[in-house]
Amino acid sequence: MALLEMRGIRKRFGGVEALRGVDLALEAGEIHALVGENGAGKSTLMKVLSGALQPDAGEVELDGRPLRPRNVAEAQRAGVVMVYQELNLVPELTVAENLALGHLPVVVRYGRLYEAARALLGKMALELPPDAKVSSLGAGAQQLVAVARAFAQRAKVMVFDEPTATLSAGEVDQLFGLIRRLRTEGVAVAYISHRLEEIFELADRVTVLRDGERVATTGVGELTPARVVALMVGREVRAYQRPAHPAGEVLGTFEVQAPRLAPLSLALRRGEIVGLAGVVGSGRSEALEAMFGLRGRALWRGEPIGRPIDALRRRVFLVPADRKAQGLVLELAARENVVLSILPTLERLGVVVRARERRVVEEWFQRLSVRPPDPERLARTFSGGNQQKLVLAKGLATAPEVLLLEEPTRGVDVATRYEVYALLDDLARGGLGLVVSSSDTEELCGLCDRVLVFRGGRVVAELTAPLRREEVVARVTGAVA
Amino acid sequence: KDAIGLSVSTLNNPFFVTLRDGAKAAAAKAGVDLVVLDAQDKVDKQVADIEDLVQRKVKVVLVNPTDAAAVVPAIERANAAKIPVITVDRAASGGKVAYHIASDNVAGGKLAADFLCKLLGGKGNVVELEGIPGSSAARDRGKGFNDELKARCKGVTVVARQTANFDRGQGLSVMENVLQAQRAIDAVFAHNDEMALGAVQAIQASGRPIKVVGFDATDDAVKAVNACKMAATVAQQPAEMGRLAVEKAAALLKGTAPAKTEFIPVALKLVSNASCK
Amino acid sequence: MSPARLREWLSRYGILLAFVVLAAALSILSPSFLEPSNLLNVLRQISVNALLAFGMTTVIVGGGIDLSVGSVLAFSGALAAGAAMAGWAPALAMIAALVLGAGMGLVNGFFVAGARIAPFIATLGGLTIFRGATLVYTDGRPITGLPDAFGVLGNGAFGGVPVPVWVMLGFLALTHFLLRYTGLGRNVYAVGGNEEAARLSGLPIVKVKLFTYAYAGLASALGALVLTGRLNSAQPTAGSGFELDAIAAVVVGGTSLSGGRGSVLGTFVGAAIIGVLNNGMNLLNVSAFYQQIVKGGVILGALLIDRLVATRKE
Amino acid sequence: MSPARLREWLSRYGILLAFVVLAAALSILSPSFLEPSNLLNVLRQISVNALLAFGMTTVIVGGGIDLSVGSVLAFSGALAAGAAMAGWAPALAMIAALVLGAGMGLVNGFFVAGARIAPFIATLGGLTIFRGATLVYTDGRPITGLPDAFGVLGNGAFGGVPVPVWVMLGFLALTHFLLRYTGLGRNVYAVGGNEEAARLSGLPIVKVKLFTYAYAGLASALGALVLTGRLNSAQPTAGSGFELDAIAAVVVGGTSLSGGRGSVLGTFVGAAIIGVLNNGMNLLNVSAFYQQIVKGGVILGALLIDRLVATRKE
Ligand SMILES: Nc1ncnc2c1ncn2[C@@H]1O[C@H](COP(=O)(O)OP(=O)(O)OP(=O)(O)O)[C@@H](O)[C@H]1O
Ligand SMILES: Nc1ncnc2c1ncn2[C@@H]1O[C@H](COP(=O)(O)OP(=O)(O)OP(=O)(O)O)[C@@H](O)[C@H]1O
Ligand SMILES: O[C@@H]1[C@H](O)[C@H](O)CO[C@H]1O
Ligand SMILES: [Mg+2]
Ligand SMILES: [Mg+2]
């Protein structure tokens, strides 16, 4: 008999049926991976378990007793703890306070609180100052605090929803060590990730979800990565490799100066896709953002870029990493987002000419095959991958010569990801120069003509096609200097 | 039953609550409905209130204006609807008004000036706390007081003149300010008792010996005079004003009174306490 | 219609529904309520608040708030009156007041967009400063004896409809057009909805914000002209507390205080609800002291029902 | 100290610095400013605003705002006075008023946390309703002739220090302890800083918010007792407009209006700056009308400098 049984879980959001009767069993002392495309229902299923969402139907049993948590606190008391996909810390409180959040005593004695935090962090071999505000930590460290908070609670079931998205390779190793220790302590671990290699490194069993239904649960030994992908998308998919193509003439040169960054010069050719690789904090994001005028200073073809508007005037566009926070105005229609950067060209006497607008929007919806093809829907109601296409459409509508992309497929599922790759290839063939910053080495190798590897704020290597993942990883992690 | 309307500048001042009560009693006796609206001292609300009274087709509109000029368009609207208007306690600066029922505020200001002049022995520094600028009550009391001092009491000078809008809280804070700024003050004339009582509060906290004269003779002020916390107050008869206004309105309704512009003064007297020193 | 749009439409409809129910109840309770003359009366009475609320909608959609509208109204009204008394042609005095009102809005905008002080506190500063300036300029006394042109703006009629109502409807149309059909208006929504995304899209954030505050200043000055006309005088205390009424109209009309969403048509309905409520209570002879309780209660009740409807639909 | 902590410390220090500069300037310009009697005078004058502002800080840190504080003050003051006049022992009447004030806060909290109406508009409803209730209860008349106990609270002294100052300092200490050293207080920061995170951490969001509004109600009632004592009467119009003063003190004191950040000690400095400014202008005989301009200007100026300092450091 399993430690935890979920049976027939259903959940509907308005018109979207996120879960259509899903069963899941977790054994004590196993690491159980949940995989599936974006929107398959992984997070929703786990949120039902953790008390963050109420199911429409179905039941959950823990230790043979029914579990119906009405909120997170009840689930925690029953022994279910979850680390959420979206970072959920209070930035203005200290590390120690965040660790104890929800369990703070009536009167807080800071001496004891810090002591307890230090002990906990020490046990987990994490070097984080208990009295630092969380807002002062980097993204990776913050994620580790969220993980540590979950560990602080005596749980029978622990859920991790894409915990490694913001972690560096070293931090990932640390996390895996901790999760393996949970297994030996008899905790049931559910682990969600889009990175298949992690699944094969860590998990004992794998459950695949597709469109709100369970399509398989198997021991990891009986699977191959290709088989998992096939189960996820319902057909076979091979790793992406950009087709061969000729190199174009030089478009121009970026001269970048930014704090914490050694001066950098990057000559970009038409049709070329340049990758920026490096761990979190290595400087690759800084470099990319400087080229768009978000920080530091950059020259493009000798002309200064100090603000995004300068970059746009010089036909340089950035697709930012966080499409919800930086890319889209979620409460506006898709149509309005797509034309946001080119409004002046659509106006006559200050009035937006609807016909011109419609033409632009229809063209890009078609070329990027945005789904659903309804430009009047609010941007908020599109899935992650399609939101990414909306951001791309907004950029492409400006007719850029240079496209800068930061984590272009973060949180985007495999099938959609390949669509995005094909699109980028298409754009490059059309004469654009692309710079892609990514923490996904498979992506960089499949997509780029060359890759600049960043470490400690400087470029330590330039690798050219054919690119091998092992080499990129070795350079990024510093295994090879 | 016929209805008459009463638009009051504010019911946050006991003076007007008493006026309203007088009017209500008279209305009950005369067998008419009385619709009372409170403008909360907002000129724009008073205009809207009177418009609504006209809309409701009351037979007479009684107005206690917040501001003499601002109320004129509303009065004209009533005039256009052929509804007679009676102003109470404060005058309007235009429009057709059948009766104006109020104290003779110029005379009241004089009364206060004469009293203070005698009290100070013809010499000293006075602070004047003014009522809402633009209300006839404030204008007339100020005029009566200052003209009288200039004419008959040259030794008494007004060293500070500030508005506290007929409000006790503002009387306190304005007086606190004045006390900080002025070293030598012998007396205060406030255009009403609310401000006077606020000033008394500030003066007591400062511990300085300053005489205060108010206006209205509200219960609180009379108590203060009896306790020698205030030197005097000029007694108005708000209940009487309310009663007279409704009676005039009822007469207009019955057609027993002519609708001509007429000022009906309501008697004033000074309330003081000879046993204080 | 997509489900999201339907929901949006329904939630706007929710307030319209509340309005219809309220109006129906009043017309049953008081026979004079539905008379055309009374409806025009209500429209005239809400005109000043509606004008301020249209400006306020623009600021709030753009992610800000403007507490200074009442003081800007008082100051620009006093300046118009002062200029007219100094012998300026009335039309010129009025235009000058509109320009100066917009200028005061720009000052607010500078503190918010340029100096990046939180809008609430920056415009609270504006509230104090412009009120003080009004008192200094008028010496705390009303300015009276204005030329007739002012009276026409406040109390005149054209084609049977009061001039203030024409002004209000005209400004409603202008604001709606601006927000909905121009690039600038789109930018206001984008900046209020997601400032960071707007910045990365190359929008001129500072200019857009300056515009919203200047527009609110213009609206306040327009309100000042109507009010000065209605009161036949410029009052130094005019407009105090109007900011809260204007914000109430905006929020009751369905515009979100967090920016990026809302419409000036909703604001018009919001202002109408408040106006109808005030008018109805006067017609029904609700005692003055109880009026405030009823008003607060009805508004909260309407929002509560709106909330319940919206939540059920989620 | 980490750079972030240093910056935070400096930005708090910025306002303290502004305060010191202001005080120094005033003591040069006016010799009486630094007299102990005047300093106590200033403290007494700020006591009511400071009390409201401490409650307001709690609400704002928790991610809300409370516009009803002035009306809650008026209503609970009237209730205390009414009870005392009805023969209750003064102490009992006062305690009842404190409980009722907290209860009114709970009503606000219900609309915000329970019904999820935007705090600005929910408490705007409270502002109207509680003011109306005060007028109904008092029939628009001040309640006077109170027992001496009230006067002691407003005008008494203990060990040479006015009683209102003791009350203010006591409540400052209590609020600081509560926000800084209790689990409940930290939860207030968590809810205001990231409500979603707080929910997923299992915090009782609704309870925490209810608490902040109830606490603000309690603070208002405490302010009511002091003010009733100072005015020797309960005034139906007491406290109108106080909400904006309280918010100004909170913001000048460095608390962010978006919630999750701030401290009640900062609020105390904020209230002191405003109080010193008022007092100083009186000592310097600045005309009343100009005082508003200067006050708005100095506050905006202080925030501007604070902003410049903060930006340079970023
Ligand atoms: N709060 C919500 N409101 C509306 N729809 C939602 C909500 N949360 C989830 N959904 C929908 O439910 C479905 C399942 O979403 P869920 O987040 O569980 O997917 P997921 O498998 O975790 O995807 P990802 O890999 O992108 O995290 C999706 O269609 C999603 O859009
Ligand atoms: N508020 C909403 N109303 C209606 N449909 C929604 C809403 N939110 C999401 N959806 C639907 O849910 C699906 C997926 O959306 P969601 O944002 O969860 O994608 P995602 O791939 O999980 O993104 P991410 O990886 O960024 O979390 C889409 O089909 C979208 O239409
Ligand atoms: O005459 C009255 C009273 O004096 C009152 O106190 C204020 O308003 C005046 O008009
Ligand atoms: Mg998701
Ligand atoms: Mg997910």
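The values are calculated or read from the model by the stated rules, or taken from the named source; none is laboratory data. Just so we're clear, the structure is a prediction, and the values are computed from it rather than from any experiment. A quick note on method: Cβ atoms are made from the backbone with ideal geometry, for glycine too, and the neighbour counts reach across all protein chains shown.
Table for the structure above
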{"item": "Check on A:Ala461, small (Gly, Ala, Ser), touching a strand residue (DSSP E or B) at 6+ places or on another chain (Cβ under 8 Å), over 27 Å from A:Pro259 (Cα atoms) and not assigned by TED's automatic domain parsing to the domain that holds A:Ala165", "result": "no"}
{"item": "Options B:Gly214, B:Gly242, B:Gly198, B:Gly207; residue that is within 13 Å of chain D (Cβ to nearest Cβ) and surrounded by 18 or more Cβ atoms within 10 Å (Cβ to Cβ)", "result": "B:Gly198"}
{"item": "Any chance A:Lys123 is basic (Lys, Arg) and more than 14 Å from D:Arg186 (Cβ to Cβ)", "result": "yes"}
{"item": "Some residue of region C:268-277 being at pLDDT 90 or above, over 30 Å from D:Asp139 (Cβ atoms), part of a helix (DSSP H, G or I) and within 12 Å of chain D (Cβ to nearest Cβ)", "result": "yes"}
{"item": "Of all residues in region D:10-61 being closer than 18 Å to D:Ser220 by Cα and small (Gly, Ala, Ser), the one that is modelled with the lowest pLDDT", "result": "D:Ser47"}
{"item": "Failed criterion for A:Phe200 (all others in (1) outside any loop (DSSP other than H, G, I, E, B); (2) in contact (Cβ under 8 Å) with a residue 40 or more places away in the chain; (3) more than 30 Å from A:Ala117 (Cα to Cα) hold)", "result": "(2)"}
{"item": "Listing of helices (runs of 4 or more DSSP H) fully contained in region A:108-196 that carry 2 or more residues being within 25 Å of the chain's Cα centre (by Cα) and surrounded by fewer than 18 Cβ atoms within 10 Å (Cβ to Cβ)", "result": "A:169-184"}
{"item": "Matching residues, region A:305-356, being in a helix (DSSP H, G or I), over 17 Å from A:Gly395 (Cβ atoms) and either facing another protein chain (nearest Cβ under 9 Å) or not aliphatic (A, V, I, L, M) (or both)", "result": "A:Arg354, A:Arg356"}
{"item": "Filtered residues of region A:160-216 (kept if over 30 Å from A:Ser282 (Cα atoms) and either within 14 Å of ligand 1 (Cβ to nearest atom) or within 14 Å of chain D (Cβ to nearest Cβ) (or both))", "result": "A:Ala190, A:Thr207, A:Val208, A:Leu209, A:Arg210, A:Asp211, A:Gly212, A:Glu213, A:Arg214, A:Val215"}
{"item": "Residue satisfying all of: in region A:1-22; within 14 Å of chain C (Cβ to nearest Cβ) and more than 9 Å from ligand 2 (Cβ to nearest atom); surrounded by the fewest Cβ atoms within 10 Å (Cβ to Cβ) among these", "result": "A:Arg12"}
{"item": "Test: residue in region A:66-74 that is within 16 Å of ligand 5 (Cβ to nearest atom) and surrounded by fewer than 22 Cβ atoms within 10 Å (Cβ to Cβ)", "result": "no"}
{"item": "Selection status of A:Arg380, at pLDDT 95 or above and assigned to a helix (DSSP H, G or I)", "result": "no"}
{"item": "Whichever residue in region A:23-40 is within 16 Å of ligand 4 (Cβ to nearest atom) and buried (at least 23 other Cβ atoms within 10 Å of the Cβ) and, among such residues, is farthest from A:Arg65 (Cα to Cα)", "result": "A:Glu37"}
{"item": "Search result, residues across region D:198-208 that are part of a helix (DSSP H, G or I), facing another protein chain (nearest Cβ under 8 Å) and either at pLDDT below 90 or out of contact with any Leu (no Cβ under 8 Å at 6 or more places or on another chain) (or both)", "result": "D:Arg199, D:Leu200"}
{"item": "Matching residues, region D:214-241, being within 25 Å of D:Ala157 (Cα to Cα), of a type outside the set (S, T, N, Q) and part of a helix (DSSP H, G or I)", "result": "D:Leu218, D:Ala219, D:Ala221, D:Leu222, D:Gly223, D:Ala224, D:Leu225, D:Val226, D:Leu227, D:Gly229, D:Arg230, D:Leu231"}
{"item": "Failed item, numbered, when A:Leu392 is tested on (1) within 14 Å of chain C (Cβ to nearest Cβ); (2) away from ligand 2 (no atom under 16 Å from the Cβ)", "result": "(2)"}
{"item": "Condition met for A:Gly29 (of a type in the set (Gly, Ala, Ser) and either more than 9 Å from ligand 1 (Cβ to nearest atom) or over 25 Å from A:Asn386 (Cβ atoms) (or both))", "result": "yes"}
{"item": "Positions within region A:375-385 being farther than 15 Å from A:Glu407 by Cα and either of a type outside the set (A, V, I, L, M, F, W, C) or within 16 Å of ligand 3 (Cβ to nearest atom) (or both), in sequence order", "result": "A:Pro375, A:Glu376, A:Arg377, A:Arg380, A:Thr381, A:Ser383"}
{"item": "Strands (runs of 3 or more DSSP E) contained in region A:408-481 and holding at least 2 residues at pLDDT below 95", "result": "A:450-455, A:458-464"}
{"item": "Elements of type helices (runs of 4 or more DSSP H) contained in region B:1-102, each with 1 or more residues being under 18 Å from C:Thr144 (Cβ atoms)", "result": "B:43-55, B:72-80"}
{"item": "Evaluation of A:Leu137 against (1) under 21 Å from A:Pro91 (Cβ atoms); (2) within 16 Å of ligand 2 (Cβ to nearest atom) (one fails), failing number", "result": "(2)"}
{"item": "Qualifying residue in region B:168-189 (condition: assigned to a strand (DSSP E or B) and either surrounded by fewer than 22 Cβ atoms within 10 Å (Cβ to Cβ) or not β-branched (Val, Ile, Thr) (or both))", "result": "yes"}
{"item": "Boolean, D:Leu284 is touching a residue at least 12 places away in the same chain (Cβ under 8 Å) and in contact with a helix residue (DSSP H, G or I) (Cβ under 7 Å, 6 or more places away or on another chain)", "result": "yes"}
{"item": "Yes/no for D:Leu227 being closer than 25 Å to C:Gly241 by Cα, at the interface with another protein chain (Cβ under 10 Å from one of its Cβ atoms), out of contact with any Asp or Glu (no Cβ under 9 Å at 6 or more places or on another chain) and crowded, with 24+ Cβ neighbours inside 10 Å", "result": "yes"}
{"item": "Tally of residues being acidic (Asp, Glu), more than 16 Å from ligand 4 (Cβ to nearest atom) and touching a residue at least 24 places away in the same chain (Cβ under 8 Å) across region A:362-411", "result": "4"}
{"item": "Tally, over region A:185-225, of residues that are within 16 Å of ligand 4 (Cβ to nearest atom) and among the charged types (D, E, K, R)", "result": "3"}
{"item": "Single residue of region B:21-49 satisfying the filter (without any contact (Cβ under 8 Å) to a residue 60 or more places away in the chain and basic (Lys, Arg)) that is surrounded by the fewest Cβ atoms within 10 Å (Cβ to Cβ)", "result": "B:Lys29"}
{"item": "Within region A:57-92, tally of residues that are within 16 Å of ligand 2 (Cβ to nearest atom) and in contact (Cβ under 8 Å) with a residue 24 or more places away in the chain", "result": "6"}
{"item": "Tabulated pairs, region D:166-191, first at the interface with another protein chain (Cβ under 8 Å from one of its Cβ atoms) and under 21 Å from A:Leu93 (Cα atoms), second of a type in the set (Asp, Glu) and in a helix (DSSP H, G or I), C-beta under 9 angstrom, 6+ apart or interchain", "result": "D:Arg186/A:Glu97; D:Tyr189/A:Glu97; D:Ala190/A:Glu97"}
